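These notes are about the structure you will find just below.
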Amino acid sequence: FHEKTTYLQHVWHKNHLQVSQVILGGVATRRFKDDFLTTSAILPENHFFDPFPAPLPELVPFLNTIAETAYFASPKIRNLKIEHLSKSRQVDIKTPEGLCGHYFHTFNQLRLTLNCRVQNTLWTGHATNGSTQNTFFEPSVDELVQTALAEALHQATAKVPERGEMPVVMSSGWNGIWLHEAIGHPSEADVWQQYPVLGYPDGRKIAPETVTIIDNPTLEGARVFLPFDDEGNQTNLVFLIHHGRFESLLTDRKTAFQTKLFGTARARRSSFRHPPMPRMSNLCLLPGDNTPNDLLLGIREGIYVQTAGTAVFNPESSMVQVFVKKGFKIQNGRLTTPLAGFWVGGSPHKMLGAIEALGNDFRIETGRGHCEKKEQVVPISVGQPSVRFSSLWVGS
């Protein structure tokens, strides 16, 4: 298991550019000095083979272009940080039954964080992107910068909405993090054994017929790619909810045996040092037929969630909270007042039952997503179209 992180920070008032690179391969750590265009480095006495030849001559100018573009975009930007991470995983496994498997997977991610000064207050904006194909990303540098800048300036003028229950519309992509908490974790068999929040997966109806939620680790271009799980079993697409009916759990060998359910080959572990357990991969809500604008029509007063931050699920209270970084008030079908600093949510059953309409703009997240469970961290991804809920809790 190998990691590489390239970090660049430009502090505006000092006009200082600092670049450092940390490469982890086994226990090896490599830190590059100021002359970042050479391969000079300080190496520990004992180190393993480094699978990542340093791409700094190509990567640093690309990151520097992002910094320059940001500073030209607005004089309000005071400082910024760009983080680039490349990670690869090579897995070889042989089971007692004689099953053998091998695969190699890599992904890159980029995160831009900038601070803007508005009326003597600093406001922070973020933008992320990722790829499994190459080091440099789409969308364009301008779009990446404008996304982070818009989020920071949004924070400066945003209000906190009133508490209560009201209609909510979520945009596509990363906002599907609610699925991870409301459906994914309750569907992991070891969690389900202790907290059977969704009931028994016997085809019972728990959502509208338009709702189909899958977990698919076989997408080669996705953030997570697992042709077989960490117990050597071949993976495939699993329908957790199919046309509104709860059909399956995510199991490893142990929980499949304990629950007497069909095994779904979802054993994952963060390294060979850790025991496998049921985990999600690429969790997706499949799209509908509506345009994103259609979902706003007919809402007199509601909330639009454009960008979610994190989400949490408390199995004891059965409450899901999605914390919103960027949102708007919906008034008579139109987006009006900027909103931030609040959460939307409800129980898994409430959120599923409240789904009124699904957009045709499905998007899967490629630039972020990790999940920690029992001190094991693994990459995950979520995807969804725009979603309209008839009513969710709104709090702050």
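Under the condition of being under 23 Å from I214 (Cα atoms) and surrounded by fewer than 23 Cβ atoms within 10 Å (Cβ to Cβ), the residues counted in segment 309-337 number 9.
Within this structure, A189 passes the test of being in contact with a helix residue (DSSP H, G or I) (Cβ under 6 Å, 6 or more places away or on another chain) and closer than 30 Å to I241 by Cα. The set of residues in segment 138-160 being surrounded by 14 or more Cβ atoms within 10 Å (Cβ to Cβ) and at pLDDT below 90 consists of V141 alone.
If the requirement is being in contact with a helix residue (DSSP H, G or I) (Cβ under 8 Å, 6 or more places away or on another chain), under 29 Å from L219 (Cβ atoms), at pLDDT 90 or above and not aromatic (F, W, Y), which of these qualifies: T135, T121, T113? First the steps, then the outcome.
Details: T135 fails: at pLDDT 90 or above; T121 fails: under 29 Å from L219 (Cβ atoms).
So the residue among T135, T121, T113 that is in contact with a helix residue (DSSP H, G or I) (Cβ under 8 Å, 6 or more places away or on another chain), under 29 Å from L219 (Cβ atoms), at pLDDT 90 or above and not aromatic (F, W, Y) is T113.
Sort out for me the strands (runs of 3 or more DSSP E) sitting completely within segment 343-396 that have 2 or more residues that are surrounded by 24 or more Cβ atoms within 10 Å (Cβ to Cβ) and among the polar types (S, T, N, Q).
381-384
Remark: pairs (first residue in segment 294-313, of a type in the set (S, T, N, Q); second residue outside any strand (DSSP E or B) and crowded, with 21+ Cβ neighbours inside 10 Å; Cβ separation under 6 Å; 6+ apart in sequence or on different chains) = Q306/S171. Checked against the criterion of being farther than 26 Å from E220 by Cβ, under 30 Å from the mean Cα position of the chain (by Cα) and at pLDDT below 80, the candidates R30, R89 yield just one match: R30.
Assess whether I214 counts as being surrounded by 24 or more Cβ atoms within 10 Å (Cβ to Cβ) and touching a residue at least 60 places away in the same chain (Cβ under 8 Å). Quick ask: steps written out before the conclusion?
Values: surrounded by 24 or more Cβ atoms within 10 Å (Cβ to Cβ): no; touching a residue at least 60 places away in the same chain (Cβ under 8 Å): yes.
No, not satisfied.
For segment 206-241, give me each residue that is under 23 Å from the mean Cα position of the chain (by Cα) and either outside any loop (DSSP other than H, G, I, E, B) or in the same structural domain as G101 (by TED's automatic domain parsing) (or both). I213, I214, D215, F228, V238, F239, L240, I241 - these are the residues of segment 206-241 that are under 23 Å from the mean Cα position of the chain (by Cα) and either outside any loop (DSSP other than H, G, I, E, B) or in the same structural domain as G101 (by TED's automatic domain parsing) (or both). Has segment 299-308 got any residue that is under 13 Å from P167 (Cα atoms) and in a helix (DSSP H, G or I)? No, the conditions are met nowhere in segment 299-308. Considering segment 166-194, and only residues there that are over 17 Å from S347 (Cβ atoms) and assigned to a helix (DSSP H, G or I), the residue that is farthest from the chain's Cα centre (by Cα) turns out to be Q193. Any residue at all in segment 307-325 that is in contact with a His (Cβ under 6 Å, 6 or more places away or on another chain) and at pLDDT below 95? The answer is yes; a qualifying residue exists.
The values are calculated or read from the model by the stated rules, or taken from the named source; none is laboratory data. Keep in mind that this is a model prediction, so the values were computed, not measured. Please note: Cβ atoms are built from the backbone with ideal geometry, for glycine as well, and neighbour counts cover all protein chains shown.
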